[in-house]
1. Condition first: of a type in the set (D, E) and free of Cβ contacts under 8 Å to residues at least 40 places away in the same chain. Now tell me which residues in segment 80-109 satisfy that.
2. Which numbered condition trips up R174, out of (1) open to solvent by less than 70 Å² (accessible area, probe 1.4 Å); (2) free of Cβ contacts under 8 Å to residues at least 60 places away in the same chain?
3. Can you tell which of V118, V107 is closer than 15 Å to I37 by Cα and surrounded by 14 or more Cβ atoms within 10 Å (Cβ to Cβ)?
4. Restricting the search to segment 1-11, which residues are buried (at least 18 other Cβ atoms within 10 Å of the Cβ) and modelled with pLDDT of 55 or more?
5. Check Q146, Q112, Q179, Q140 and return the single one that is open to solvent by 50 Å² or more (accessible area, probe 1.4 Å), over 19 Å from I15 (Cβ atoms) and touching a residue at least 60 places away in the same chain (Cβ under 8 Å).
6. Give segment 91-109 a look and list any residue that's over 19 Å from Y133 (Cα atoms) and not acidic (D, E), or say none.
7. If a residue has to be of a type in the set (D, E) and without any contact (Cβ under 8 Å) to a residue 40 or more places away in the chain to count, how many in segment 11-31 make the cut?
8. How many residues does segment 53-104 hold that are open to solvent by 60 Å² or more (accessible area, probe 1.4 Å) and under 15 Å from V35 (Cα atoms)?
Amino acid sequence: SFPTRRSSDLDQLSIGSLLVASEKLGDPHFAESVVLILEHDGDKGTLGVIINRRSEVPLSRVFSDIKGASSDPMYVGGPVSTTAVQALLRLPNEMDEVRHVSGDVYVTGSKQVIEKSVRSRVVPSNFRLYAGYAGWGPGQLEAEVQMGAWQVLANRSKLVFDDDPDSLWSRLTRESHMQIAASF
């Protein structure tokens with residue numbers, strides 16, 4: 001069974017928070033995943049994207065019509081609507097057709113903004129494309145957090161464009177274990 005979470009995890013559940021899957025989370029869609037929350041509404045539920053799951057598909061294959069599209073990978077954002085794409089961008093300020101998430105991180109589903117970013121070869125530390133998303137109905141994520149399925153981290157927007165997404169989950173899990181050990 002999961003360790004029961006403190007209410008502080010629930011308090012930190014908001015747009016821009018990161019969810020770190022518990023080692024005991026059995027759902028294969030979310031095993032060893034780190035999810036960025038993009039929408040969180042008590043009445044509508046929660047949406048996010050898995051930020052640490054690179055696919056084998058390069059942007060150049062997705063945007064074969066764009067000359068010079070990079071070979072940077074597309075990411076698997078989650079098991080829902082896997083044909084829908086959205087991008088996370090690091091921007092100095094808001095612009096049309098993007099929505100603020102946290103810090104300098106913004107999200108967009110705009111075809112124009114995404115194609116412009118691919119065309120101008122924005123570096124992976126400022127632009128990542130995700131297919132699909134993760135979604136929870138009203139109260140569902142809160143229940144999973146209370147059961148200990150997820151650890152919630154607020155104010156960690158710097159990790160969204162981490163240089164080594166493949167090891168992000170294990171590093172955050174190790175950091176969590178060290179914090180728990182330090183509190184005893």
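1. E94, D96, E97
2. (1)
3. That would be V107, the only listed residue that is closer than 15 Å to I37 by Cα and surrounded by 14 or more Cβ atoms within 10 Å (Cβ to Cβ).
4. Across segment 1-11, the qualifying residue is only D9.
5. Sole residue among the options that is open to solvent by 50 Å² or more (accessible area, probe 1.4 Å), over 19 Å from I15 (Cβ atoms) and touching a residue at least 60 places away in the same chain (Cβ under 8 Å): Q146.
6. Across segment 91-109, the qualifying residues are L91, P92, N93, M95, G103.
7. 2
8. 2
The values are calculated or read from the model by the stated rules, or taken from the named source; none is laboratory data. Fair warning: this is a prediction, and the values are worked out from it, not measured in the lab. In this analysis, Cβ positions are derived from the backbone assuming ideal geometry, glycine residues included, and neighbour counts consider all displayed protein chains. Ligands, DNA and RNA are stripped out before the accessible areas are found, and what is left, the full protein with its side chains, is counted by its heavy atoms. Shrake-Rupley method; radii C 1.70, N 1.55, O 1.52, S 1.80 Å.
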